[in-house]
Amino acid sequence: MDCIFCKITSGVIPTNFVAESEHAVAFRDISPRQPVHLLVVPKKHYSDVAELTDNDENLLLEVLKLARQVAAENTDGSFRLTFNTGASAGQTVFHVHAHVTAKAARA
Ligand code: DGP
């Protein structure tokens, strides 16, 4: 298991999850670029959002719903939801993840 996010989602690397659903987890980015910077990651390995969309629409929807939940719980309501897809677009971890970023945390 070489994938860092497989190790995090499976508990091999202990991580505090800010939220969890049946097939996905959310945790804080190790190097936040905004005051709120969370990652939402499916437990099953797909390399990027294109592969996830092509193969598992239900899981994609679950990831989006968990992203919506953590955005509601952790931001003031204004947030960005980003899937970097491909190295030249800035993807560095090739296990699909959504970034939830915001300038303001929930009061
Ligand atoms: P991307 O560049 O879109 O592939 O985003 C990968 C993000 O993952 C990057 O913002 C840093 C974060 N990250 C990488 N390794 C770890 C880790 O071990 N723990 C946590 N919490 N975040 C990580």
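The values are calculated or read from the model by the stated rules, or taken from the named source; none is laboratory data. Note that the structure is predicted; figures quoted are calculated from it, not measured. When we count neighbours, we look across all protein chains shown, and the Cβ atoms used for this are built from the backbone with ideal geometry, even at glycine. For accessibility, only protein heavy atoms count, side chains too; no ligands or nucleic acids. Shrake-Rupley method; radii C 1.70, N 1.55, O 1.52, S 1.80 Å.
Brief remarks follow.
- From the list 8, 13, the lone residue that is assigned to a loop (DSSP other than H, G, I, E, B) and either more than 14 Å from residue 63 (Cα to Cα) or modelled with pLDDT of 95 or more (or both) is 13.
- Top-ranked residue in region 78-92 [being open to solvent by 30 Å² or more (accessible area, probe 1.4 Å) and touching a residue at least 12 places away in the same chain (Cβ under 8 Å); ranked as nearest to the ligand (Cβ to nearest atom)]: 84
- Hits in region 19-47 (condition: surrounded by fewer than 18 Cβ atoms within 10 Å (Cβ to Cβ), within 11 Å of the ligand (Cβ to nearest atom) and not in a loop (DSSP other than H, G, I, E, B)): 28, 37
- Within region 1-18, considering residues that are open to solvent by 30 Å² or more (accessible area, probe 1.4 Å) and either touching a residue at least 12 places away in the same chain (Cβ under 8 Å) or polar (S, T, N, Q) (or both), the one nearest to residue 79 (Cα to Cα): 18
- Of all residues making up region 1-15, the number that are polar (S, T, N, Q) and within 9 Å of the ligand (Cβ to nearest atom): 1
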